[in-house]
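Worksheet for the structure shown next.
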Amino acid sequence: MNGRVPMVATNPSWMGLVTRLCVCLLVWASIPSEFARGAQSREIKRVLILHSFGRDFRPWGLYAKAIRENLERLSPWRIDIQDHSLVSARSGDENPESPFIAYLNALYSEHPPDIVIAIGAPASNFVQHNRQRLFTQIPLILTAVEQRRIQLSNLPDNDTIIAVSHDFRLSFETILRVLPGTERIVVVNGTSPNEKFWLGELRKDAASLEKKVEFIWPDDISFQDFLKKSETLPPNTAIFWHLMNVDATGISYEGNTALRQLHGVSNAPMFSYDDGFFGNEIVGGPMYSVLEISRLTAAVAVRILSGQKPRDIRPAAIKYANPKFDWREMQRWGISESNLPPGSEVLFREPRIWGVYRWQLLLIAAVILVQGALIGGLLHERRRRRLAEAESRQRLTELAHINRNSAVGELTTSIAHELNQPLGSILTNTETAEIMLKSSSPNLDEMKEILADIRRDDQRASEVIRRLRSVLKKTPFEMTYIDLNETVRQVIGFIATVSRGRDIALKYSTCSADLNVMGDVVHLQQVFLNLIINAMDAISEAEAREREVSVTTNRSGASAEIRISDTGPGIAITDLKYVFDPFFTRKPQGMGMGLAIVRSIVEAHHGQISAANQASGGALFTIRLPIARDRSASA
Ligand code: ADP
């Protein structure tokens, strides 16, 4: 087999080339006639096409159609084509031949055809056998006929032949090459005399391969029975489609019916030798080209009609064209392209998704790219915003720390005064204890009370210092889940010392409901501290009669509300919209940064702050912060 493989690639390609050259030469040779087209255009050339079985029997029906098209294309004359079909080809019954000859002679006695073209072996044999009785003077072309089916040696001068040369062994070897696992080949062949002749030839070619593969010959059963069998052929079976013109029960199959039916039910891949069968059902292989043979036939006909002698135009027998394969069938049977013979052509490739939806895919890709770029840009922006936010929070923290230091600095006198009290008590109690210890029998119970007082005063002083430290510590801005009521209480605890020193009543009431927010404790403490100090400053400066600062917490919808009011003079109407601006101050020593920092902190907590004057007098600052859903949700 290996020794023959290159033949698959080389011989058909050489033959294809030679055939094409012949067609070109023949077409070229008919060119002078083209110049005479004007003069001859009125002339009609009558062409009689003789079919073997009928106009639509495969593969010859396709040859006839292509010959007709090429004749019309190449001919400088008007062409009148008449078709007749041999009846005897189906059964081999020669009885109808004589009346058929008489019929044709009678039909064309007045206007004989200018040329007769017999297509296929049965028609060619018929004309050749009856040449003495039929169209004796009319040039004859025998075409699409295998050279073994015709007597080439004694071809009359007025006859020529476009012969073909079957090579079934090459077809079988190709099956084994493209499907190396093939164990058996079923050969489909009919029972008309022509098909019976070929059965013998097929068996001869198969004989040399019988060691490699089993051959099955179902020609003794009806085609319908074979169809049933073909549904369940054993694995690794291939079908070689030769002909099915007439089956074992004498039923003729026109057109593509039989092949299509078999393809519909068979569970095995099908191969053939003529591309008249190729295009839907057949996997492929080296095959005759209907087009090439038909073109050549038409070109030869035109030359003969131009006056050339048929005996001078006798091309060599045509071999298979380059192998070609049907991509769809290759997919169906899992045939790899690497198994195909060199030089093979793969046809009917289904366009890949890229080929079918190119623009849609490009559009989708463009949308994805744009979307990707947008997402990338947005993520970048988000990152930049986060960095900017973190930076601004850092600045705020630093600024707030400075602000706290200065606020506490202002309170130093009050704090020192507050510290003095427990320290003074400690000193007094210590002196008393010393005096008591000098007595001969000190009262131990009283001593215990004194020590308890000292301890309590010390704790009071420590508490003042602890609160002072907590206010002054510099911590990064950190959001945690906090209880706002508790935060307010801590601030009150710290500032109460100062308010007492300033003789200002510091009242506060917290709402009974939980008031939890996400926030930074130290910064929120600073907010309340700033507002309370401002309120106390306003009362002190105005020397108000009623000296009271009140702090209340409430829940208002989804917000926690903190109100800080005082009995001071309030804020001038014209100042109300500026009080939160940086460096706005009405105090001689003021910096004007307290409320600006307060607003920044509140906004960093996604809250709001507003300033107003109360109807009863004094300023009112209201802060709203969003309530946190719950600890786990915010974690
Ligand atoms: P500073 O205290 O250094 O002046 P703030 O930003 O804390 O800066 O306050 C800005 C101004 O707002 C104060 O100078 C004062 O005029 C006004 N202000 C703030 N709180 C009150 C208040 N409770 N009553 C009246 N005026 C106030």
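Around the Cα centre of segment 163-283, unit charges on the Cβ atoms of Lys, Arg, Asp and Glu (plus for the first two, minus for the last two) sum to a dipole of about 280 debye. The separation of segment 198-233 from segment 98-175, counted between C-alpha centres, amounts to 29 Å. Rounded to the nearest 10 degrees, the inclination of helix 97-107 to the longest alpha-carbon principal axis of the chain is 90 degrees. Computed from backbone phi, the HN-Hα couplings of segment 476-491 come to x, 5, 9, 7, 9, 7, 10, 8, 5, 4, 5, 4, 5, 4, 4, 5 Hz, rounded to whole numbers (Karplus: 6.51 cos²θ - 1.76 cosθ + 1.60, θ = phi - 60°; Gly and Pro given as x). Could you calculate the FRET efficiency of Gln614 with Leu437 from 1/(1 + (r/R0)^6), where r is the beta carbon distance between them and R0 is 60 Å, rounded to 0.05? Working from the Cβ atoms, E equals 0.55. Length gained on full extension, Ile364 to Asp312: 12.3 nm, using 0.36 nm per residue less the C-alpha separation.
Taking amide hydrogens as placed 1.01 Å from N in the peptide plane, the amide H of Asp80 sits under 5 Å from those of Lys45, Arg46, Val47, each at least 5 positions away in sequence or on another chain. Dipole of the chain (Lys/Arg Cβ +1, Asp/Glu Cβ -1, origin at the Cα centre): which of Ile564, Val265, Pro112 lies farthest to the positive side? Toward the positive end, the furthest listed residue is Pro112. Figure note: Thr237, Thr249 ranked by solvent-accessible area, largest first, 1.4 Å probe, ligands and nucleic acids not counted: Thr249, Thr237.
Peptide packing: for 182-194, 444-456, 481-493, the average count of neighbouring Cβ atoms within 10 Å per residue gives the ranking 182-194, 481-493, 444-456, highest mean first. Each part gets one Cα centre, and for segment 358-381 versus segment 58-72 those centres are 55 Å apart. Taking amide H positions as modeled 1.01 Å from N, with prolines and chain starts lacking one, the residues under 5 Å from Ile318 and 5 or more places away or on another chain are Ala163, Val164, Ser165. Residues whose amide H falls under 5 Å from that of Tyr288, counting only those 5 or more places apart or on a different chain, are Asp274, Asp275, Ala321, with hydrogens built in the peptide plane.
Taking the DSSP bridge list for the chain and keeping only pairs wholly inside it, about 40 percent are antiparallel. Choose one of Met591, Gly343, Leu444: the residue whose Cα lies farthest towards the positive end of the charge dipole of the chain (beta-carbon charges +1 Lys, Arg; -1 Asp, Glu; about the Cα centre). Farthest along the dipole direction, towards plus: Gly343. The long axis of helix 168-178 is offset from the longest Cα principal axis of the chain by roughly 10 degrees.
Couplings for segment 300-310, taken from phi via the Karplus curve 6.51 cos²θ - 1.76 cosθ + 1.60 with θ = phi - 60°, read 5, 4, 4, 5, 5, 5, 7, x, 6, 6, x Hz in order; Gly and Pro are left as x. One chain, two ends: Gln132 and Ser208. Fully extended at 0.36 nm per residue, the span grows by 23.3 nm beyond their Cα-Cα distance.
Evaluated with a Cβ-only charge set (Lys, Arg +1; Asp, Glu -1), segment 235-345 carries a dipole of roughly 480 debye about its Cα centre, given to the nearest 20. Overall, the chain carries a charge dipole of about 1220 debye about its Cα centre when +1 sits on the Cβ of Lys and Arg and -1 on the Cβ of Asp and Glu, all other atoms neutral. Structure note, pairs Lys45/Lys65; Lys196/Lys229; Lys65/Lys319; Lys65/Lys229: Cα-Cα distances above 25 angstrom occur for Lys65/Lys229. In the chain, taking the dipole from charged Cβ atoms about the Cα centre, the farthest positive-side position among Thr487, Leu227, Ser512 is held by Leu227. Shown in residue order for segment 265-282 are the 3J(HN,Hα) couplings computed by the Karplus curve 6.51 cos²θ - 1.76 cosθ + 1.60 at θ = phi - 60°: 10, 5, 9, 10, x, 10, 10, 8, 10, 9, 6, x, 9, 8, x, 8, 9, 8 Hz (x for Gly and Pro). Only helical runs count toward this figure. For the chain, summing -39,500 (n - 2.57) over DSSP H runs of n ≥ 4 and dividing by all residues gives -15500 deg cm²/dmol at 222 nm. Scaled against the 2.2 N^0.38 Å expected of a compact globular protein of N residues, the Cα radius of gyration of segment 164-299 reads 1.01.
Assuming a ≥ b ≥ c are the square roots of the Cα gyration tensor eigenvalues, decide whether segment 330-427 counts as rounded (a/c under 1.5), prolate (otherwise, with a/b larger than b/c) or oblate. Prolate, since a/c reaches 1.5 and a/b exceeds b/c. Averaging the sequence gap over all C-alpha pairs within less than 8 Å and six or more residues apart, then dividing by the number of residues, gives the chain a relative contact order of 11 percent.
The value of relative contact order for segment 64-196, using C-alpha pairs under 8 Å at least six residues apart, is 21 percent. To the nearest Å, what is the center-to-center distance of segment 560-630 and segment 489-522, using C-alpha atoms only? Cα centroid of segment 560-630 versus Cα centroid of segment 489-522: 16 Å apart.
Mean projected area of the Cα convex hull of the chain, taken over all directions, amounts to 61.7 nm².
The values are calculated or read from the model by the stated rules, or taken from the named source; none is laboratory data. Keep in mind that what you see is a predicted model, and the values were worked out from it rather than measured. Neighbour counts are summed over all protein chains in view; Cβ atoms, including those assigned to glycine, are modelled from backbone coordinates with ideal geometry. These area figures cover heavy atoms from the full protein model, side chains too; ligands, DNA and RNA do not enter into them. Shrake-Rupley method; radii C 1.70, N 1.55, O 1.52, S 1.80 Å.
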